[in-house]
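Following: one structure in structure tokens, then a few remarks.
The values are calculated or read from the model by the stated rules, or taken from the named source; none is laboratory data. All values reported here derive from a predicted model rather than from experimental measurement. Quick reminder, even Gly has a Cβ in these numbers, built from the backbone with ideal geometry, and neighbours come from all protein chains shown. Side chains included, ligands, DNA and RNA excluded: accessible areas come from the protein's heavy atoms. Shrake-Rupley method; radii C 1.70, N 1.55, O 1.52, S 1.80 Å.
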Amino acid sequence: LWPNMVVLTTLQTYDEWTQRQGGGAGSGANAAGDARIIPFMQRYFRWQLDYPEQDFLLPFWQQQRAADNLASVYWLYTRTGEPWLLDLARKIHRRTANWTDGVANWHGVNISQSFRGPAVYWQQSGEERHRLAPYHRYDAVMNLYGQVPGGMFAADENARKGMTDPRQAAESCTMVEFMYSFEQLLAITGDSLWADRCEEIAFNSLPAAMTADFRAVRYLTSPNMISSDAASKAPGYENGGPMQLFDPRDHRCCQHNVGHGWPYFAEHLWMATADNGVAAVLYAPSEARVYVGSTAAPITLRTETHYPFEDEIKLTVQATKAVRFPLYFRVPRWSGRVWLSVNGGEEWVNGADAAGRFVRTEREWRDGDRVRLVFERSLRCCDWPRQHDSVSIAWGPLEFALDLDEQATRVRPDDVWHATELRAGRAWNFGFDQSDLNSLLETFQIRRRDWPRDDQPFTPASTPVFIEAPVRAGENSARLRISQFPQVCDGPQAHAWTPPPMPAKSTNGVATASACWREDTLSALDDGLEPESSEDYNVPRFTWWPRKGGNEWVQLDFPAARAVSEVQLYWFDDSQRGRCRAPASWRLFYKPSGAAGGAEWRPVKLRGGSEFGKAINAYNIAWFEPVETTALRIEAALRPEFCAGILEWRVK
């Protein structure tokens, strides 16, 4: 049912759009718009309600993310009021992974998409634990893996123990799903904190994940990255393959999911309020048709701004007749004083106590009324004590990054849809002087340029705001960037940098196979990195993916003949999320030493009750009569509908 949840959301947006195009102020089956959506969703949810509960929303993906389904049920309920929909909602909640009591799964997109689920259900349950759960889950994840600028956390694909520093990355999928969760939580709770968090990603991390023309995306983006090429970064990143390459034709889910980041952001710029008013919750140039006041009168609100690159918001009201209603404006948490004026009248000034709240102004609004809103901001030095006391520099919602003079190289060139590698064109190993950190901000100078003619402010060359400092810096949407800087000092607090531990080089020989998935690696077979389980994503893996149900092989060719009498295999098994299992059966063959190059493979002879084991979460040890050989080969019969893989292959 998981793909259907995505389609339901599209149908909801389509229904709302067609209603507004038809001029209807109301909702439901009789509102102006496409009359097919509501009856279709009613039939589909009736089918879900009647579906046997023991077979409903089984693991893995749909069980984790079923709150998306739940939100669509509530969307329909607000339009029809049918009580049976609340019965279905309770059923969905019972079958959804438990995000109320803890982090149910450490997959990055699961976290960003699912942590909001309890608050979605809170609209029905009214239980405080459901409302508070997303706050607790967000804090737990960010305290462990999110001690970096840009609003994201390290999960490439999973959040992995010890992999927390600014070199670790987040999927583009995770960014857009995190934003969408924040937008929904803002609507449910009315807490402007979620809007601030949404802007962190929207104005810093998301633009860096795509090319400015939206023709290519990369799978992973990290706060500190000095190159963005096609080379595999495993095991630093969990997946092998070109995870950093800007590519229009690769990167699986991110290729599809990333497209909804900006549309959903635009869809949530304005929200209705319980007192028949409307609230500006996110800021961007826009034109919104809304229905306000006791008569639900239609008006249009036109916003002009270059926020977040400037502090001023200009709003114009368009209305056929005067209507009284309250208008709310969100004040970001980073804001100092706030200036608000209507029709050029006396400006209202508020202190920092307005930060994180909504400013309310109610009056009889008329056609042509104008509102001017200005936020006060200043540079901030953000400390990251859990990341070796590193620091970053922020200005309002923008995080700054070092200008690395991006050098682009096209890969698989095409006139329009080409892949691109980026490399730094200047030095990047800078830090801030710890002894002078308190006065550091005083040395920074905000510089401005004209707004770019192509309306593309999220590139290093055209950003309208940058700073000059002892370390040259540009804004954080740079695709190559150092946004988190070490503090440099002398004395007892200083320590020499040491490189991270690397996998052991193979001592067995050269590995080949009938197939190897491009994001996996043959070097995983004997890299010396010990798995904690068969589903350990912290170590590289070899798989025959996407082949299933057939016969496959993998072999090691030794540099010289050697005597062997034992192999140990640790099978890869991702049964909680994927389609890899231990094979149905396997055998081991050897090539005799001294034989001609075309010698046939010979099977080893097991001894001592040994067998070719298929256990998971442990080494499968096969003892056999000693042989003198130049190569070993494993032949595996894969299970129907499943692939197989190996995390480690020991030879003794």
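May I ask for the net charge around Q255, where only other residues with Cβ less than 12 Å from the Cβ of Q255 are counted and Lys, Arg are +1 while Asp, Glu are -1? It works out to a net charge of +1. Using the Cβ of F612 as centre and a radius below 14 Å, the other residues enclosed give a net charge of +2, where K and R count +1 and D and E count -1. Working note: Karplus 6.51/-1.76/1.60 with θ = phi - 60° gives the range 309-319 the couplings 7, 9, 9, 9, 10, 10, 10, 10, 8, 10, 8 Hz, where Gly and Pro are set to x.
Over the chain, all Cα pairs binned in 20 Å intervals from 0 give whole-percent P(r) values of 16, 44, 30, 8, 1, listed from short to long. When a 1.4 Å probe is rolled over the protein heavy atoms, the share of accessible surface on the range 575-631 that falls to carbon and sulfur comes to 47 percent. Evaluated with a Cβ-only charge set (Lys, Arg +1; Asp, Glu -1), the range 213-326 carries a dipole of roughly 320 debye about its Cα centre, given to the nearest 20. Accessible surface of the range 177-265, 1.4 Å probe: 55 percent of it comes from carbon and sulfur atoms.
Using the Cβ-Cβ distance between A427 and S462 with R0 set to 25 Å, the FRET efficiency works out to roughly 0.60. Rolling a 1.4 Å probe over the heavy atoms of the protein chains gives the range 57-150 an accessible area of 35 Å² per residue. Label-to-label distance, E364 versus E312, with points set 7 angstrom from Cα along the beta-carbon direction: 3.0 nm.
Other residues within the sphere of radius under 13 Å centred on the Cβ of V6, judged by their own Cβ, net out at -1 (K and R +1, D and E -1). Projecting the Cα atoms of L588, F458, F115 onto the charge dipole of the chain (Cβ charges, centred on the Cα centre) puts L588 farthest toward the positive pole. Among the protein heavy atoms, those of F430 account for about 90 Å² of accessible surface (1.4 Å probe, every chain in place). Full extension of the chain between E611 and D383 yields a length gain of 76.5 nm, computed as 0.36 nm times the residue separation minus the alpha carbon distance.
Taking every DSSP helix (H) stretch of at least 4 residues in the chain, weighting each as -39,500 (n - 2.57) and dividing the sum by the residue count yields a mean residue ellipticity at 222 nm of -6500 deg cm²/dmol. Of D414, D247, D50, the order by accessible heavy-atom surface (1.4 Å probe, DNA, RNA and ligands excluded), from most exposed downward, is D50, D414, D247.
Given +1 at the Cβ of Lys and Arg, -1 at the Cβ of Asp and Glu and no other charges, the dipole of the chain around its Cα centre is 1220 debye to the nearest 20. Counting heavy atoms of the protein chains alone, H260 has an accessible area of about 40 Å² for a 1.4 Å probe. A straight chain from F40 to A494 at 0.36 nm per residue would run longer than the Cα-Cα distance by 156.9 nm. Site pair K321 and N143 shows an inter-label distance of 5.6 nm when each label is modelled 7 Å from Cα along Cα→Cβ.
The residues of the range 272-316 expose on average 41 square angstrom of accessible surface per residue, using a 1.4 Å probe on protein heavy atoms.
Here the label points at R518 and A560, each 7 Å from Cα along the C-beta direction, are separated by 3.9 nm in the simple model.
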